[in-house]
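Some notes on the structure that comes next.
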Amino acid sequence: MSRRHISSFIANLIDSGLKPRSVNRKISAIQSLFNYGIRKGELETNPTTGILRPKVGSNLPTFVREESIVQLFNETEFEDSFSGQRDRMILLIFYSCGLRRDELINLKVEDVNQYESTIKVLGKRNKERIVPVTISLIDELNLYLNLRASLKSELTFLLLTATGKKMYPSLVYKIVKKYLSLVSTMEKRSPHVLRHSFATHLLNEGANLQSIKELLGHSSLSATQVYTHTSLDKLKDVYRNSHPRNKK
């Protein structure tokens, strides 16, 4: 089998309508098979070496508009109960800190530094980062902690279920979707949307990419650069308000 055979196979996959990601997965499988043959001494070369793979388009991040965030925290009613205040705290932390879902679930009470107004986050590959928070968030955290104490749970996790157990991913997702549905009609209403909103709104307000990278816990700047497209709306506003021809 030669590179020509591999290239022809890839072309047939693409012609059949298979998506680039699926094509690349098949190429990886074939490549692994030939590498196995080389390790066993049954083959001398791998015909997939140097084969160009179809480009996989990146999905642009979905985010909530700033006016909808204002509506979420200033106009939405939360139940006057532990669960209601916990739900509000979940949304606040997601949007104020840009956390991933697992990072939020694993937050401990001791991770909140009220004196420094920071939260310690354990991210991917056990990499820690410190995220600054507002005084108002610390104040709301204190109110929540008073309610949390009434559960008398022995767990140290910051956010708990109404029965004092550790939060779980599907419950967090359900909570976020419920409240985002009240202020937005967009299809995606997941915890990651609030993370995207955090980064997008910071960028729109002038924060630099390097700072946003550190706050999000990204390992490289390339992962953060996907948010640069989200400033397009702001650029359009500047253009409409500033370009001489647009004022006529």
Kirkwood-Stokes translational diffusion coefficient of segment 125-236, alpha-carbon pairs, 25 °C, 0.890 mPa s, µm²/s: 147 µm²/s
Within 10 Å of each residue's Cβ, count the other Cβ atoms and sort 196, 5, 218 from fewest upward. 5, 218, 196
Neighbour-count ranking [beta-carbon atoms within 10 angstrom, fewest first] of 186, 167: 186, 167
Measure nothing but the geometry: give the 0 to 90° angle between the long axis through the Cα atoms of 20-39 and the longest principal axis through the Cα atoms of the chain, rounded to 10°. 60 degrees
Taking each pair of distinct Cα atoms in segment 1-57 once, what is the resulting Kirkwood hydrodynamic radius in Å? 11.8 Å
In debye, nearest 20: dipole of segment 79-191 around its Cα centre with unit charges on the Cβ of K, R (+) and D, E (-)? 560 debye
I need the trypsin sites (Lys or Arg not before Pro) found in segment 1-50, filtered to DSSP loop residues with at most 13 other beta carbons within 10 Å of theirs. 40
Per-residue HN-Hα couplings for segment 210-227 [Karplus 6.51, -1.76, 1.60; θ = phi - 60°; Hz; x = Gly/Pro]: 5, 5, 5, 4, 5, 5, 7, x, 6, 7, 9, 5, 4, 5, 7, 5, 4, 7
For the chain, what does the relative contact order come out to in percent, with C-alpha contacts under 8 Å and a separation of six or more? 19 percent
Once you charge only the Cβ atoms, +1 for Lys and Arg and -1 for Asp and Glu, what is the size of the charge dipole of segment 1-57 about its Cα centre, to the nearest 20 debye? 240 debye
May I ask you to work out the translational diffusion coefficient for the chain at 25 °C, viscosity 0.890 mPa s, via Stokes-Einstein with Rh from the Kirkwood sum over Cα pairs, reported in whole µm²/s? 114 µm²/s
Listing 179, 115 from the residue with the fewest other Cβ atoms within 10 Å to the one with the most, what is the order? 115, 179
In segment 69-150, which trypsin sites (Lys or Arg not before Pro) are in a loop and have at most 15 other Cβ atoms within 10 Å, using DSSP for the loop call? 127
Residue-ordered couplings for segment 90-100, obtained by feeding phi - 60° into the Karplus form 6.51 cos²θ - 1.76 cosθ + 1.60 and rounding to whole Hz (Gly and Pro as x), are 4, 5, 4, 5, 4, 6, 7, 10, x, 7, 7
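Values in this text are rule-based calculations from the coordinates and carry no lab data. Fair warning: this is a prediction, and the values are worked out from it, not measured in the lab. Cβ sites come from the backbone with ideal geometry, for glycine too, and all protein chains shown count toward neighbours.
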